[in-house]
Each structure stands twice: as structure tokens, then as C-alpha cells.
Amino acid sequence: MNYTKNVTKRLIEYALKSKGTFVAALIMLSIGVAADLAGPFIAKNMIDNHVLAIEKPYFESQASDEAVQYKDTYYKRYDRFSEGETKGEEIRILQSGRSFYFVNDPVTIEGGDRTYENGILTVTRGDQTAAYEATPLSVDEIFAFYKPELPGIYKLIAIYFVFLLIAIIMEFGKTYWLQSSANKVIQRLRRDVYAHIQTLPVHYFDNLPAGKVVSRITNDTEAVKDLFVAVLSNFFSGIITMVGVYIALFILDVKLGLISLFVVPLLVLWVVIYRKIATRYNTIIRSRLSEINAMINESIQGMSIIRVFRRQKKTYDEFEALNEDYMKHQNKMLNLNAFTSHNLVTVLRNLAFAIILLYFGASSIDGSSIISLGVLYAFVDVLGRLFQPVTGMVNQLANLDSSMVSAGRVFELMDQTGEKVTDGSMPRYLGNVEFKDVSFAYNKDYVLKNISFEAKQGETVALVGHTGSGKSSIINLLFRFYDPQKGTITIDGQEVKGLPKQWIREHMGIVLQDPYLFTGTIASNVSLNDNKISRETIEKALCDVGAEQLLSHLPQGFDEPVVEKGSTLSAGQRQLISFARALAYDPAILILDEATANIDTETESIIQSALEVLKKGRTTFIIAHRLSTIRSADQILVLHKGQIVERGNHDELMAIGGRYHQMYQLQQGNTPAAQESSDRLTNPVGVQAAT
């Protein structure tokens, strides 16, 4: 319950950010409801005061527009005499069956059963009976009595159409403002979710598949949109309409208005019971949809592996299991809605009309209350309108619960602790990096143990070692994707923990083994649409790294479109674009993570030349397995099980004849002795992978 209240509170907070348009929509809704409910009252007035008013008492009068001539005598309805005007003898016009009769006497019994025989009209009501001499009226004579009613009827019809026009305009305004407000709320919510994702630490995404994150940003926020556009629209409309209906019912008959209130507690009780059952289903439904999206995303990314290893059937079966469970719970929701929504409204409607029949019927039988036909018509009409919003609200209960579950999932993501985003920047630092007694663990076991080294400005530091030795963990700490549990890391003598992460990363660049390219153009992938990087800088960076040689054949040159991850470009082309990106941002610290591992021999010479351009004047860290590419490094750190076991330049390490020497000899000559040594060195048993 507290969880639901929290979600509701936060949704209201978002709605209040667009409260102006929401208030305007509610005002229009209220006016529209009032205009719509005016219809039954106009009909009541028309029936009681004009259509059936012909049976009200008439008196002899002088000739006038409101007087009716019958057999050379003028008669006028009693309520149309002006003050002081003389009234003559009273007469009545009564209907029996389809015929109307002229009665030249006052009538003492109103309503009741009427029969006409041999010039006598007999009126019976309960145990009362009265007989009157009566004369049948022709069609022209009846119309003569109705003629004075026509101006009033025309006026009421005109008023009705005015109210109808107001209701139409208000309905349009209400719908427009509610939906535009809802769209603004969802736009703001989706923007906030996406912005919050940008602040989440990198390790958060290690445990949450990309498809699930995408599902929360797209599917779940879209479900929340349904809450504002459809659900709240129906509930707001329904509640205001019900309030208007009950006001109208109380105006018509207080006692029956009180009796009709039974609908409210039943409706509230049903919403509570329904949501208790539906929330359980919807939570599973939204979770399964998220898992389906995650699996689809993973399958598309790994389609080549799935086909190479012939896992299509197994992958399909796993997908179908999720899909089947999703459908099963969707059917449970369908059964719940089908079994309850229509039945509930039908029961309430029939019960309400049964009460009306009982109330009016009993009053008519015992004569305790005289209810006009206009009041009866208006009451039935108004009460019937009560169940239109009830139907709308009940039909939206499924969407309401689904939207609340989705909103909870969105807010759960937004409640994840993010990294503080600090405005501003720091001057470009020199790039003197020092690790002092740094130890780090992702979980419990340390993957780095007492790491200490110093990299001065302009130096190239290479990190080598088998998989899981801790090379990538050092880079993760340098970027502050994680912070060490022990020791300190400084840049130009400043401890990195005391600096905002965004400021540090502003002057860092990285080139990955498999560079990531975004949809756009080659030029936009170099600048990443940063306005501070000019077109001239982009082109110079591409030329400096030698990209012209590999990209010159493209029809649009540097404006060639880049599709899904650069799939139409070769590995060498993608890598050069990644080099140009790093060069254009002019970092003080450059990280090359296996930057030449996937490059063919012909392209490697171009890449090596680009590397020399890229490293110039920068502190460079290289993660490399191909030891031939780091022979010129100023410092080589050999890692084993999270510790630095050797350090020095290429010649120094070769002279030592230790681990680095054996690895290098293996790559160069692949001798049996070197092979045996390498097998021993690269055995990762008991070592937690950290790369």
C-alpha cells in the first residue's frame, strides 16, 4: 500500500508540473458535464410545462396571443394570467387513450385511470372515482390548445442546442488539454529517466541487460502515458460526471438521490479488490515483456554466433517459454476483465433501475406521492448517464493497474543511486599519473593488489599479462568507473577521488579493440556532435591518423553515412575513425585497449603511424597482447594475478629473462620450451577475470 502511495505521489508531482493545462482541462470538463446534464432538465421542462401542460387548468379570458379559441370562447392557461387579470370559468383538457376531451368543470382527481363512454369521462385513482361530462376534441381543436406552447418549446430546443454546442466545445478542449498535458508529462518523465541513466555507474549495467533498460524507457513510460491520456481522462471525466449526476438526482428527488449513492461504495470496493488481484498479474506481465525485449536484443547482437553454433532451435525454445508465460498471464488478465467489468456495471445498472421502479411504482399505487412524467423521464435519463462514466472507469481498471506497475518500474530505475553531475570543467592537466598501493575488488576477492607505478607526461606505459591479470581493472580505476578500496590514485598530484568524474574524463580519450560507432556520418562519429569541435578539426584529425588512405574511395568522403555500429566499414576503417575521435578531443591521457588486435598486416602499418601521431605529447596507456607493438613503450608493466611482477622497458625486461621474455619468445618463435612456459603462465585457474 505504501509502495502504491509513493508511486501515486510521484505521478501527481509530475502532473503538477503541467498543472495549468490540467486545471484548464478540468474546468472545461466540469462545464461540459454541466452543459450535458442540462439536457434532462430541459426535457423535463418541455414535458411538464408544455407537452403535458395541456392538462393544466384553463380559465375563460379575453382574446390574446396566449389564449385559445374554442367554440367562440377564449381560454388561457392559469399560469399565464397577469396579475389583476380577471379569470372566468375553469375548464380542463384531459387525455384518455389517444384521444383528448374538453371538460367544462374543475377536476378534483389528478392522474389515475381514465375511461370515456357515452359523453362521460370517468377518472379513478386508488379508491377515489369521479365522473365528468366531456366532449371529444378534433385534431385541429387539440392543435389550437398546443399552439401557445410552441414558442416555449422552440425556445427550449434552442437552449438545448446551445448547451449541446457548449458541451461539444468543452469536450474538445478537455480532450486536447488533457492529452497535451499527458504528453508533456511523459516527455518530461522519459527525459528524466534517460538523463538519470547517463548518471548511473558503469557497474550497474553489468548486471542489467540493455533490453531491460530499453523496455523501461520505452514500453513502461508509454504505459504511464496511457495512465494520463486514457485512464486519468476517464477517471476525471467519470468522477466529475458522477458528481454532476448526483447533484441533478438530488435536485429531482432527495430521497432517491440518497438511495442511489449505493453505487459509490460498491465501485470503490471493486477498484480495491480488482487492483489487488490485477497487480500480481501485471507485475509478471511487465517483467516478462522486459525479459522478452532483453532476449530479442541479445539475439540480434549475437545472431552470427547463434547460427555458427546452430543454436537457433534452443534460442527459439527459450524465447517461446518466455512468450508462453507472458501470454498465460495476459489471458489471466483477460479472464479477470471479461468476467468482472461488464457484469459489475450490468448488475449496478439493473439494481438502480429496480430501485426506481420500486420507488415510483409504490408511490403511484398507494397515492402517497404524485410524480410528473417529466420528473420520471429526467430521473431515468440522469441515472442512465451515471453508468456511462462507471463503465468508462471500470473498463480502464486494467490500464490503470498496468500503468501503475509500469510507473513503479520506471521510478525503481530512477531510484538507483547515480553519480553526481558537476557543472563546469577543469583546465587540461599535464597527465602525470601515479598509483600508490592500490588494491581493488569487484566483489570480495581482490583483483588488484598493492599496485604502485608512476607514468609521467608524454610517457607510454604498456600493460601486459594473461586474461584476468588486472589490466582492464587499472583502466577502470583510472576512468573512475570504480574507486579502489585501498591506496590512492593521483593526476598531477591531485587525488582523483577529490575531483568530479566528469572533469577528469574530459581530458581522457580511449581507443577500444572493437571501436563503437554511432549512426550518423564519419565526421559526426569523430566529433560526437560536440559543437566545440570544428569541421576543420575533424578533417585534420582524420588526415593526421592516415584515414584518407582508407576512406578516400567512399562516395561522400568524410560525410559517408555510418549505419548500425559501422557494419559497412572494415575493421581498419572503424579503428582509424576511433583514433581520429581521440585526436580531435585532444586528451591529456590516452588509453589504447588492444587497439591493433583486429587489424590486418597491411593496415597495421597505417595504424602504427596513426598511433605515433596520437601518442605525441600525451600520457599513453596501452593494453596489448601483441608484444611486438609495445617495444617502444617507455615502461612495461607485467601483471600476474593482480600484481605487478615485472616492470621496465622492452630491452630491460628481455635482459631479465623472466615472464615477459618467455611471453615474447613464444610469440616470436613458438619454441617447445616457450610453449610449455606460456601454458604455465597463462593458466587462469583461481583468478577472477578482470579484463
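The values are calculated or read from the model by the stated rules, or taken from the named source; none is laboratory data. The structure displayed is predicted, hence computed values, not measured ones. With ideal geometry, Cβ positions are generated from the backbone for all residues, glycine too; neighbour counts draw on all protein chains shown. Protein only, heavy atoms only, side chains kept; ligands, DNA and RNA dropped before computing areas. Shrake-Rupley method; radii C 1.70, N 1.55, O 1.52, S 1.80 Å.
Residues being part of a helix (DSSP H, G or I) and over 22 Å from residue 214 (Cα atoms): count how many of those fall in segment 289-328.
Result for segment 289-328: 10.
Looking at segment 62-81 only, could you name the residues that are open to solvent by less than 90 Å² (accessible area, probe 1.4 Å) and in a loop (DSSP other than H, G, I, E, B)?
If the condition is that a residue be open to solvent by less than 90 Å² (accessible area, probe 1.4 Å) and in a loop (DSSP other than H, G, I, E, B), then 63, 64, 66, 67, 81 are the ones that fit.
What tally of residues in segment 549-597 results from selecting those that are of a type in the set (Asp, Glu) and within 22 Å of residue 455 (Cα to Cα)?
Residues meeting the conditions: 3.
Could you tell me whether segment 33-56 includes any residue that is modelled with pLDDT of 90 or more and either open to solvent by less than 20 Å² (accessible area, probe 1.4 Å) or part of a loop (DSSP other than H, G, I, E, B) (or both)?
No, segment 33-56 has no match at all.
Applying the selection to segment 528-549, what residues are under 25 Å from residue 430 (Cβ atoms) and touching a helix residue (DSSP H, G or I) at 6+ places or on another chain (Cβ under 6 Å)?
533, 537, 541, 544, 545
Could you list, in sequence order, all residues of segment 82-114 that are under 19 Å from residue 51 (Cβ atoms), assigned to a strand (DSSP E or B) and of a type in the set (D, E, K, R)?
Answer for segment 82-114, where residues must be under 19 Å from residue 51 (Cβ atoms), assigned to a strand (DSSP E or B) and of a type in the set (D, E, K, R): 92, 114.
Go through segment 447-476 and count every residue that is more than 22 Å from residue 430 (Cβ to Cβ) and either touching a Gly at 6+ places or on another chain (Cβ under 6 Å) or among the charged types (D, E, K, R) (or both).
Residues meeting the conditions: 5.
How about segment 2-28: which of its residues are in contact with a Ser or Thr (Cβ under 6 Å, 6 or more places away or on another chain) and either free of Cβ contacts under 8 Å to residues at least 24 places away in the same chain or assigned to a helix (DSSP H, G or I) (or both)?
21, 22
Here is a check on your reading of the model: is residue 212 in a helix (DSSP H, G or I), charged (D, E, K, R) and without any contact (Cβ under 8 Å) to a residue 60 or more places away in the chain?
Taking the combined requirement at face value, the residue does not satisfy it.
For segment 105-125, enumerate the residues that are loosely packed, with under 13 Cβ neighbours inside 10 Å and in contact (Cβ under 8 Å) with a residue 12 or more places away in the chain.
Residues satisfying the conditions are 106, 108, 110, 113, 115, 119, 120.
Does at least one position in segment 565-585 carry a residue that is in contact (Cβ under 8 Å) with a residue 60 or more places away in the chain and open to solvent by 70 Å² or more (accessible area, probe 1.4 Å)?
Yes, some residue in segment 565-585 is in contact (Cβ under 8 Å) with a residue 60 or more places away in the chain and open to solvent by 70 Å² or more (accessible area, probe 1.4 Å).
Only one of these conditions is not met by residue 633: (1) modelled with pLDDT of 80 or more; (2) not in a loop (DSSP other than H, G, I, E, B). Which number is it?
(2)
Going by what's in this entry, would residue 610 be described as farther than 13 Å from residue 509 by Cα, open to solvent by less than 40 Å² (accessible area, probe 1.4 Å) and at pLDDT below 85?
On the way: farther than 13 Å from residue 509 by Cα: yes; open to solvent by less than 40 Å² (accessible area, probe 1.4 Å): yes; at pLDDT below 85: yes.
Judged against the criteria, residue 610 is a match.
Give segment 122-153 a look and list any residue that's part of a loop (DSSP other than H, G, I, E, B), out of contact with any helix residue (DSSP H, G or I) (no Cβ under 8 Å at 6 or more places or on another chain) and closer than 19 Å to residue 69 by Cβ, or say none.
138
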